[in-house]
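First the structure, in the form of structure tokens, and then the observations on it.
No lab work stands behind these numbers, since they all come straight from the coordinates. Note that this is a predicted model, so its numbers are computed, not measured. Every residue, glycine among them, receives a Cβ derived from its backbone with ideal geometry; neighbour counts consider all protein chains shown.
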Amino acid sequence: MITFDNVTKKYKGMSVPALDRVSFTVDAGAICGVVGLSGAGKSTLIRCMTGLERVDSGTISIGGVSISALTGAELRQAQRNLGVVFQHFNLLSQRTALQNVMFPLEVAGVARNEARDRARELLDIVGLGDKLNSYPSKLSGGQQQRVGIARALATSPKVLLCDEFTSALDPINSKSILELIMRLNADLGVTVLIVTHQLSIAEQSCDRLIVIDEGQIVENGPAKDVLESPKSRILRAMVTTLTWS
Ligand SMILES: Nc1ncnc2c1ncn2[C@@H]1O[C@H](COP(=O)(O)OP(=O)(O)OP(=O)(O)O)[C@@H](O)[C@H]1O
Ligand SMILES: [Mg+2]
């Protein structure tokens with residue numbers, strides 16, 4: 001479903017690449033975690049998947065479509081197969097919860113009535129059926145992230161990308177948002193890529209786990225195995241320090 005084949009990305013002015021010959025695959029319907037320290041290249045990996053950053057070499061394909069090779073209208077079409085959940089929610093403050101979820105549908109040219117029905121349905125699924133007309137400032141962080149998740153799912157993407165999506169939340173809200181993502185994965189069959197500093201999130205939810213260090217993949221395997229016997233310097237350090245919390 002998701003395939004990275006020898007992907008390298010170097011930002012201008014940087015001496016080392018942010019992604020260095022990265023190759024991995026994630027099966028359709030799986031939840032895959034990506035962990036690593038700050039600056040390891042995790043967000044770059046996500047931005048390259050969305051086409052926000054262009055790769056220097058290698059290919060990224062999603063559902064058989066080589067997204068790294070596309071531009072313009074073709075890229076925008078392919079991007080509808082990707083839902084992105086952000087750390088700081090990134091909701092539009094002048095729009096209600098319902099209007100925020102309708103937004104990607106409007107951009108995709110979906111008729112207003114249809115977009116409204118779909119947005120209502122999604123807000124119901126994420127447990128916010130009673131907050132349709134609330135503005136983001138009137139919602140808690142956990143509720144805002146639920147809106148963010150509903151919005152990410154609006155165009156029925158095959159893949160959900162979550163970059164540090166619980167970092168701005170307290171542990172109770174983090175847990176319930178993670179459970180929501182796991183339920184959506186089970187119910188909708190959406191493939192999920194979770195970028196996180198927190199090993200506990202990977203342990204609870206991920207089928208696979210990738211560890212990235214200075215742009216290179218240093219571990220990749222079933223999450224349980226990787227966490228039980230960490231081989232890389234970086235994961236050993238993470239396991240023995242505070243990144244469980
Ligand atoms: N737009 C940019 N221009 C130049 N360098 C960048 C840019 N974005 C990221 N970098 C560099 O690329 C490397 C990887 O950054 P990235 O944001 O992918 O790390 P990360 O693993 O997401 O870190 P964090 O856990 O702090 O979010 C870092 O050295 C960073 O300084
Ligand atoms: Mg990041």
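Tabulated results
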{"item": "Cα gyration tensor, the chain - rounded (a/c under 1.5), prolate or oblate", "result": "oblate"}
{"item": "Gap separating the Cα centres of the range 113-179 and the range 1-18, nearest whole Å", "result": "30"}
{"item": "Extension gain from SER156 to VAL107, taking 0.36 nm per residue of separation minus the Cα-Cα distance", "result": "16.2 nm"}
{"item": "Calculated FRET value between ALA30 and THR8, using beta carbons and R₀ = 35 Å, to 0.05", "result": "0.90"}
{"item": "Computed E for ASP170/SER66 - FRET, C-beta separation, R0 35 angstrom, nearest 0.05", "result": "0.30"}
{"item": "VAL16/ASP207 FRET efficiency (R0 45 Å; Cβ-Cβ; nearest 0.05)", "result": "0.90"}
{"item": "Magnitude of the charge dipole, the range 1-96, Cβ model with Lys/Arg +1 and Asp/Glu -1, debye to 20", "result": "320"}
{"item": "Helix-only CD estimate at 222 nm, as mean residue ellipticity for the chain, using -39500 (n - 2.57) per DSSP H run (n ≥ 4)", "result": "-11500 deg cm²/dmol"}
{"item": "Most mobile of ILE172, ILE62, ILE194 in a GNM of the chain (Cα contacts under 10 Å)", "result": "ILE172"}
{"item": "Pairs of lysines in the chain (C-alpha under 21 Å apart; 8 or more residues apart or interchain)", "result": "8"}
{"item": "The range 32-113 shape via C-alpha gyration tensor axes, a/c threshold 1.5", "result": "oblate"}
{"item": "Relative contact order for the range 93-156, counting Cα pairs under 8 Å that sit 6 or more residues apart, in percent", "result": "49"}
{"item": "Counted charge near VAL26, where neighbours are those whose Cβ lies closer than 9 Å (Asp, Glu -1; Lys, Arg +1)", "result": "-1"}
{"item": "Listed residues GLU219, GLU164, GLU114, most fluctuating in the chain (Gaussian network, C-alpha, under 10 Å)", "result": "GLU114"}
{"item": "Dipole-positive endmost among VAL16, LEU37, VAL55 within the range 10-64 (Cβ charges, Cα centre)", "result": "VAL16"}
{"item": "Amide proton proximity set for SER134, modelled H, under 5 Å, gap of 5+", "result": "ALA97, LEU98"}
